[in-house]
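The values are calculated or read from the model by the stated rules, or taken from the named source; none is laboratory data. Everything quoted here is computed from the prediction, not taken from an experiment. Backbone-built Cβ (ideal geometry, glycine too); neighbour counts: all protein chains shown.
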Amino acid sequence: MSDTLKKKNQNLMEQSHFSTEGSHLKKRAKSIRRINRHLQREQSRKEAKANQPKFLVTVNDHEFRVTQVTTKEEALKKLEKWSAYRTYLRSLEEKGEEITIKVDEIE
């Protein structure tokens, strides 16, 4: 989506340089500002998501990545709500295997 917006923004900027009528220039400038605001919001959202702590929960040989939590306990609580995690634990219990859970923070 951002590639399309970048192309549209570039086209509008090129057109605004060659536009001679004032009203068209104002409309194009407004569109450029709107698209730039959208791109800035998208970029800041990506940066905020990248800066959030991430945890890697390893259960025997399976790995689960958990984001948007701040502590290891919250990571486990969030993971307990996932059906794939619960199903995997149930299958290990049915097989009678030992369950080893390890939580690591990803940098």
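Taking Ile35, is it free of Cβ contacts under 8 Å to residues at least 60 places away in the same chain, surrounded by 11 or more Cβ atoms within 10 Å (Cβ to Cβ) and at negative phi?
Yes, satisfied.
Which condition number does Glu74 fail, the rest of (1) surrounded by fewer than 11 Cβ atoms within 10 Å (Cβ to Cβ); (2) of a type in the set (D, E, K, R); (3) more than 20 Å from Leu5 (Cβ to Cβ); (4) modelled with pLDDT of 90 or more being met?
(1)
Residues to consider are Glu47, Glu63; find the one that is under 20 Å from the mean Cα position of the chain (by Cα), at pLDDT 80 or above and assigned by TED's automatic domain parsing to the domain that holds Lys77.
Only one candidate qualifies: Glu63.
Of these, Phe55, Phe64, which one is outside any helix (DSSP H, G or I) and in contact (Cβ under 8 Å) with a residue 24 or more places away in the chain?
Phe55
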